[in-house]
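Here is the structure we will look at.
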Amino acid sequence: MPSSDSIPLHFEVGKRLTEETMSQNLRGMEYAVRGSVVIAADRINHDLTDPDSETKHPYDHIIYTNIGNPQGVGQNPLTWPRQVLSLCDLPDECGVDHPKASEMFPADAVERAREIKKALGGSTGAYTHSQGPLAFRKDITAFIEKRDGGVKADPQNIFMTNGASSAIGMVLTALIADSSCGVMIPVPQYPIYSASIDLLGGQKVGYYLDESKNWDMNLKEMERSLDEAKAKGIKVNSFVLINPGNPTGQVLSKESVKEIVKFCAKHNLVLLADEVYQENLYDDNAQFESCKKAAAETGLLDVSSYFIRLLLFDYLRQCNLLAF
């Protein structure tokens, strides 16, 4: 039998992966915050920083504001989280147990680092429970219960993710079983939702916020959008609420949040409550009301719902670091 080296090989000509053979859902997906405007900015930035570039511009630098990235435009990081992170990553003898630790770090930072290291089994480099360390989930539970006036939360129902976008992707993947599945999303909205729905092959069902009322919800518009989608044969199974709004920044009243909870219960929709920016209130008269509290007060806490939230990421703005 001849060896494989002596058998003539025939290769097909052409690339295996092309725009035509790739996933067409991925090809058609648009994620505006990293789209054509940013690509143009990158090109101009290259012109500005490349000494050999012959293209000139009437300015000397680009400020990227396409995403919420304050440290990327010069905001100083908060000191305390960096101190805790340093102590967690350092070996004990160089950090929490160092004889001069109390001189180099605040006492509460040292205490918090000890708690975290204990919860992680002593090392930040090891895998943890798939839902996140139980001690952290208990802290999140305590936060939710305090925020919602004592409404009970269960750490076994908490799933920690590496950013809100990851959580959104996981839930939408579970919801979009086929191309007939629809997700109601606000217009305007943060484009992670429209992009993810396109990628997964689902149907975007937009409902318009009321600009004349400071981007408030409009129950008639929500019913119109749902009825129109159903008439097209779309099986709407979920509803996205972003509160406080992104990009609009509005903070919904308690009454509006309750109406949304009732709407989802009425139509058997999974409620995806994106409450990432609950600490970012810029109106002194505004007060954040969570969907979970609204559901409890309306007797609908058992409604099938996910509460997509991220407690510290946007508050501490450690966008490229894990914030404990």
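The values are calculated or read from the model by the stated rules, or taken from the named source; none is laboratory data. For clarity, every value in this text was computed on a predicted model and none was experimentally measured. FYI the Cβ positions are ideal-geometry reconstructions off the backbone, even for glycines, and counts take in every protein chain you see. We work out accessible area using only protein heavy atoms, side chains counted, and drop any ligands, DNA or RNA first. Shrake-Rupley method; radii C 1.70, N 1.55, O 1.52, S 1.80 Å.
Details
- When the Cα positions of 70, 249, 167 are compared along the charge dipole of the chain, 167 comes out farthest toward the positive end, with charges on each C-beta of Lys, Arg, Asp and Glu.
- Proximal charge balance of residue 41 [Cβ under 12 Å; K/R count +1, D/E count -1]: 0
- For the options 202, 122, 14, a Gaussian network treatment of the chain with springs between C-alpha atoms closer than 10 Å singles out 14 as fluctuating the most.
- Put a plus charge on the Cβ of each Lys and Arg, a minus charge on the Cβ of each Asp and Glu, and nothing anywhere else: the dipole of segment 238-279 about its Cα centre is then about 240 debye.
- With all protein chains in place and ligands, DNA and RNA left out, the 1.4 Å accessible area ranks 220, 266 as 220, 266, largest first.
- Basic side chains Lys and Arg get +1 at the Cβ, acidic Asp and Glu get -1 at the Cβ, and with that the dipole of the chain about its Cα centre reaches some 900 debye.
- The portion of the accessible surface of segment 89-211 made up by carbon and sulfur, rounded to a whole percent, is 54 (1.4 Å probe; DNA, RNA and ligands excluded).
- Dipole magnitude of segment 1-114 about its Cα centre (Cβ charges: Lys, Arg +1; Asp, Glu -1), debye to nearest 20: 320
- Protein heavy-atom accessible surface, 1.4 Å probe, per residue over segment 12-150: 72 Å².
- Shape call, segment 88-144: gyration tensor on alpha carbons, a/c limit 1.5: oblate
- The chain: most fluctuating residue of 161, 65, 18 per GNM, C-alpha cutoff 10 Å: 18
- Dividing the convex hull volume of the alpha carbon atoms of the chain by its residue count gives 288 Å³ per residue.
- Within the listed set 64, 207, 193, the residue fluctuating most in the Gaussian network model of the chain (springs between alpha-carbon atoms under 10 angstrom) is 64.
- Cα gyration tensor category, rounded, prolate or oblate, for segment 142-234 with a/c compared to 1.5: oblate
- Hits among lysines - C-alpha to C-alpha of residue 232 under 27 Å, sequence gap 8 or more where chains match: 204, 220, 262, 266
- Over 22 Å [Cα-Cα, segment 20-140], rounded percent: 63
- DSSP loop GluC sites (Glu not before Pro) with at most 10 other Cβ within 10 Å: longest gap in the chain: 55-324
- Taking every C-alpha pair closer than 8 Å and separated by at least 6 residues, the mean separation divided by the residue count of the chain gives a relative contact order of 14 percent.
- Helix runs (DSSP H) in the chain reaching 27 Å along axis by Cα, Kyte-Doolittle at least 1.0: none
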